[in-house]
Amino acid sequence: MKTVDVVITGADAAAMEATLDAVRNGRHVLVVIRSRRAGIVQQLRRSLRALRLAPAPRVMVMTGAEVACVDGVGGVEAVVVRNLRSGRLSGFNTQEVLCFPN
């Protein structure tokens, strides 16, 4: 299971700004997007480059995916992400989840 500081779901402007803000603050981010459109990921990577923020290893993007489960005792501790095409599940340790429209 991988560890990230924050999981951000969605692909709207607010989600992208939250991602950039988290990276600016030195946080490791997982972005989960239902859409498989490559343009969304390219836009995020261009924004990171424009701010001179390298996308790797601070940002991991999963497209064609959704958050299937959020769990924890007294707060968020883990998130399970489902690949929409294969149904494969991936687990991530985290303490924060931010949800925006896809």
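Every number here is computed from the coordinates shown, using simple stated rules; none is lab data. Computed from a predicted model, the values in this text were never measured in an experiment. Here the Cβ positions follow ideal geometry from the backbone for every residue, glycine too, while neighbour counts run over all protein chains shown.
Points to keep in mind about this one:
- Cut-off under 5 Å, modelled amide H: who pairs with VAL97 long-range: VAL7
- Rounded to the nearest whole Hz, the Karplus-based 3J(HN,Hα) values (6.51 cos²θ - 1.76 cosθ + 1.60, θ = phi - 60°) of the stretch 74-86 follow the sequence x, x, 6, 10, 8, 10, 10, 10, 10, 6, 5, 7, 9, with x at glycine and proline.
- Think of each Lys and Arg Cβ as +1 and each Asp and Glu Cβ as -1; about the Cα centre, that makes the dipole of the stretch 2-99 roughly 620 debye.
- Per-peptide packing, taken as the mean over residues of other Cβ atoms within 10 Å, places 80-87, 10-17 in the sequence 10-17, 80-87 from highest down.
- 0 to 90° range, to nearest 10: angle between helix 38-50 axis and the chain longest Cα axis: 60
- Remark: the stretch 25-33, residue by residue, has Karplus-estimated 3J(HN,Hα) of 8, x, 8, 8, 10, 10, 9, 10, 10 Hz, where x stands for each Gly or Pro and the curve is 6.51 cos²θ - 1.76 cosθ + 1.60 at θ = phi - 60°.
- Every helix of 4 or more DSSP H residues in the chain counts as -39500 (n - 2.57), and over all residues that averages to -7500 deg cm²/dmol at 222 nm.
- Computed over neighbours whose Cβ is under 14 Å from that of GLU96, the net charge equals -3, Lys and Arg +1, Asp and Glu -1.
- Kirkwood analysis of the stretch 1-45, using all unique Cα-Cα pairs, places the hydrodynamic radius at 10.9 Å.
- For ARG85, the shell of other residues with beta-carbons less than 12 Å away shows a net charge of +3, using +1 for Lys and Arg and -1 for Asp and Glu.
- Taking N as its residue count, the alpha carbon Rg of the stretch 8-90 over 2.2 N^0.38 Å: 1.11
- Net charge over other residues, Cβ less than 13 angstrom from the Cβ of ASN25 (K, R count +1; D, E count -1): -1
- Taking Cα centre as origin and charging only the Cβ of basic (Lys, Arg, +1) and acidic (Asp, Glu, -1) residues, the dipole magnitude of the stretch 1-41 rounds to 220 debye.
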